[in-house]
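Report on the structure given below.
The values are calculated or read from the model by the stated rules, or taken from the named source; none is laboratory data. Treat the numbers as computed from the prediction; the structure is a model and nothing was measured. Methodologically, a virtual Cβ is constructed for each residue, glycine included, from the backbone with ideal geometry; neighbour enumeration extends over all protein chains shown. The accessibility values were calculated without ligands, DNA or RNA, using every heavy atom of the protein model including side chains. Shrake-Rupley method; radii C 1.70, N 1.55, O 1.52, S 1.80 Å.
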Amino acid sequence: MSRIILSILSILVIIGCKQSDKKVGFIIPGAIWKDTEGNPINAHGGGILYDKGTYYWYGEYKKGLTWRVDYIKSWECYRTNAGGVSCYSSKDLVNWKNEGIVLPSERQDTSNDLFYGKVIERPKVIYNDKTKKYVMWLHVDSEDYSFARAGVAMSDNPTGPFAYIGSVRPYGQMSRDMTLFKDEDGRAYHVFSSESNATMYISLLDDNYLSHSDRYIRTLINLSREAPAIIRHKNKYYLVSSACSGWSPNKAMYAEADSMLGEWKMIKNPCVGRGSDTTYGTQSTYLLPIDGETGKFLFIADRWNKTNLEDSRYVWLPGKFENDTMVIQWQDQWNPIASSF
Ligand code: GAL
């Protein structure tokens with residue numbers, strides 16, 4: 001009798017262990033997200049690199065006071081000191097380990113692009129298979145956003161440290177909100193809002209990803225789009241962007257093209273349901289493929305808190321293609337890998 005009870009108990013213990021070993025977790029869009037040490041994740045305007053079985057999340061480290069730059073009257077220039085670029089790693093897109101600041105801001109030299117009193121935004125990292133380097137591009141700016149340049153940094157490891165190389169105005173043009181896209185053939189593109197944010201540029205980077213080639217296009221001309229994020233599905237390319245309303249949310253739109261430097265056609269708002277006309281109170285920053293076959297992806301966005309930028313939240317939502325039409329929908333809580341969507 002007691003032996004039977006013992007065996008039942010041990011089976012229950014084994015099942016219990018198995019269940020607790022398996023980390024089941026959820027993403028709760030808009031909640032405070034904690035890292036594996038229990039601290040709020042600080043990685044805004046970010047992007048994800050998937051490298052050898054691990055996801056790396058790079059973002060803006062925004063710490064401390066938010067204030068409004070008083071001499072700028074034409075728009076609400078709320079800002080925090082630039083804390084550099086943070087990095088978190090994860091195997092499952094839910095549990096994130098803090099890997100620290102992989103590109104720090106500069107505390108002394110006011111002329112340095114990365115001086116903490118300036119602006120460091122929207123860092124993105126890709127891996128160069130030829131040079132075996134991790135390459136980061138980011139938006140560097142002055143506090144009034146008139147510098148409008150693209151900075152580049154490089155590392156031997158995904159968790160840094162990244163060595164800052166310098167900044168450029170590609171083709172002599174402004175570069176603000178930006179993303180990187182690495183295609184299946186290894187070619188990489190820098191996509192950035194230019195010409196006072198009126199027009200999007202897509203530039204093929206040189207083979208080492210450290211400079212711009214002479215191949216680029218101006219697209220979405222005079223449509224004033226920012227916060228670009230790109231994904232490829234089958235043989236089409238999709239570009240999600242926001243309108244220009246500073247830290248305040250607006251309606252996302254996506255455009256599509258047959259090739260990165262081809263003709264982009266604006267299609268429609270990919271978001272559906274309640275909240276879709278403000279992108280659920282967010283602004284896009286990255287699109288991460290989850291399943292290449294079905295085209296499922298992760299829509300990664302920021303819910304900015306303009307008067308307390310450090311407390312801006314992350315909204316990650318399921319995205320998919322229905323007959324080649326991009327669809328993003330709200331979820332209260334979900335798991336990007338385990339959920340079917
Ligand atoms: C947004 C942009 C953000 C940040 C902000 C400053 O439009 O997407 O990355 O630059 O403006 O107000």
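Close amide H contacts of Cys271 (hydrogens built in the peptide plane, cut-off under 5 Å, sequence separation of 5 or more or a different chain): Ile328. Think of a 1.4 Å ball rolled over the protein heavy atoms: the stretch 99-238 then has 40 Å² of accessible area per residue. The residues packed around Leu223, meaning those with a beta-carbon under 12 Å from its beta-carbon, carry a net charge of +1 if Lys and Arg are +1 and Asp and Glu are -1.
Across the stretch 275-283, rounded Karplus estimates of 3J(HN,Hα) from the backbone phi angles (6.51 cos²θ - 1.76 cosθ + 1.60, θ = phi - 60°) give x, 5, 7, 10, 6, 6, x, 9, 9 Hz, Gly and Pro being marked x.
The stretch 27-97 and the stretch 110-142 have Cα centres separated by 15 Å. Converting phi to 3J(HN,Hα) with the Karplus coefficients 6.51, -1.76 and 1.60 and the offset θ = phi - 60°, the stretch 184-193 yields 4, 7, x, 6, 10, 10, 9, 10, 8, 6 Hz in sequence order, with x at every glycine or proline.
Under 5 Å between amide H atoms, partner at least 5 residues away or on a different chain: which partners does Arg149 have, H built in plane at 1.01 Å? Those lying under 5 Å, H to H, from Arg149 are Val140, Ser175. Using a cut-off of 30 Å between Cα atoms, the listed pairs Lys63/Lys251; Lys132/Lys251; Lys132/Lys296 include Lys132/Lys251 as exceeding that distance.
Over the stretch 41-329, the hull volume per residue, using the convex hull of the C-alpha atoms, is 124 Å³.
Computed over protein heavy atoms with a 1.4 Å probe, the accessible surface of the stretch 247-341 works out to 44 Å² per residue. With all protein chains in place and a 1.4 Å probe, the accessible surface of the chain carries 50 percent carbon and sulfur. Estimated from the Cβ-Cβ distance and a Förster radius of 45 angstrom, the FRET efficiency linking Asn269 and Asn98 is about 0.85. Here the Karplus curve 6.51 cos²θ - 1.76 cosθ + 1.60, taken at θ = phi - 60°, turns the phi angles of the stretch 287-295 into couplings of 10, 10, x, 10, 9, x, 5, 8, x Hz, with x standing for Gly and Pro.
For a protection proxy built on the mean count of beta-carbon atoms within 10 angstrom, sort 119-128, 261-270, 52-61 highest first, please. Intermediate results must be reported in sequence, preceding the final value.
Working: 119-128: 24.4, 261-270: 15.5, 52-61: 19.8.
In descending order of packing, they fall as 119-128, 52-61, 261-270.
Round to a whole angstrom and tell me the spacing of the C-alpha centers of the stretch 279-297 and the stretch 196-264. Distance between centres, Cα-based: 15 Å.
Were the residues from Gln108 through Ala338 laid out at 0.36 nm apart, the gain over their Cα-Cα distance would be 78.2 nm.
Helical content of the chain, expressed as a calculated mean residue ellipticity at 222 nm, amounts to -2000 deg cm²/dmol (DSSP H runs of 4 or more residues, -39,500 (n - 2.57) each, divided by residue number, nearest 500). Estimated from the Cβ-Cβ distance and a Förster radius of 25 angstrom, the FRET efficiency linking Asp129 and Lys236 is about 0.60.
Sorted by packing (mean other beta-carbon atoms within 10 Å per residue), highest first, where do 225-236, 207-218 land?
On the way: 225-236: 20.1, 207-218: 15.9.
My ranking of the peptides, most packed first, is 225-236, 207-218.
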